[in-house]
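The values are calculated or read from the model by the stated rules, or taken from the named source; none is laboratory data. For clarity, every value in this text was computed on a predicted model and none was experimentally measured. Here the Cβ is made from the backbone with ideal geometry for all residues, glycine too, and neighbour counts use every protein chain on show.
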Amino acid sequence: MHAIITIIIAGIPTRPGYYTARCDGLLFCSSGQPLFDGARELLASSCPADATLETRYAGSEVASVVSAVCATAKLTVSEESNRPQRFKRWKAINPGEGSSLIAPAPVPAASLRMGAAQ
């Protein structure tokens, strides 16, 4: 028998469009996509990939989404301009692509002048 994991999703009043995801009362994700990001967090915390994920909104007894953790973790929502929202395959961000996540330290002006004089 597969494990059933229930996630309770609630809006964050101070951050419109962001939600908390809790499992057994413990906060494990705050996100604009709590179902998908939550599934990835569960897998990262050694949740069985074949577990069933049941998602409910806070205060509701009705499951809004029931899915497999492994299938849900592979998805994200695409919000491209001039196109309707749709599911697409999630791709982890590769820090080697694009700009640096951390700004480089500024070079002091004195060392620039010293290099030009040599």
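Things to note:
- The residue that is modelled with the lowest pLDDT, counting only those in the range 20-31 that are out of contact with any helix residue (DSSP H, G or I) (no Cβ under 6 Å at 6 or more places or on another chain) and crowded, with 17+ Cβ neighbours inside 10 Å, is Cys23.
- Candidates Leu101, Leu75: the one that is modelled with pLDDT of 85 or more and either more than 19 Å from Thr6 (Cβ to Cβ) or surrounded by 10 or more Cβ atoms within 10 Å (Cβ to Cβ) (or both) is Leu75.
- Residue in the range 11-19 that is crowded, with 17+ Cβ neighbours inside 10 Å and on the phi < 0 side of the Ramachandran plot present: yes
- Screening the range 32-62 for residues that are without any contact (Cβ under 8 Å) to a residue 40 or more places away in the chain and surrounded by 15 or more Cβ atoms within 10 Å (Cβ to Cβ) and picking the one that is farthest from Thr14 (Cα to Cα) gives Leu43.
- Residue within the range 10-24 that is over 13 Å from the mean Cα position of the chain (by Cα), closer than 22 Å to Lys74 by Cβ and outside any loop (DSSP other than H, G, I, E, B) present: yes
- Residues that are in a loop (DSSP other than H, G, I, E, B) and out of contact with any strand residue (DSSP E or B) (no Cβ under 8 Å at 6 or more places or on another chain), drawn from the range 25-39: Gly25
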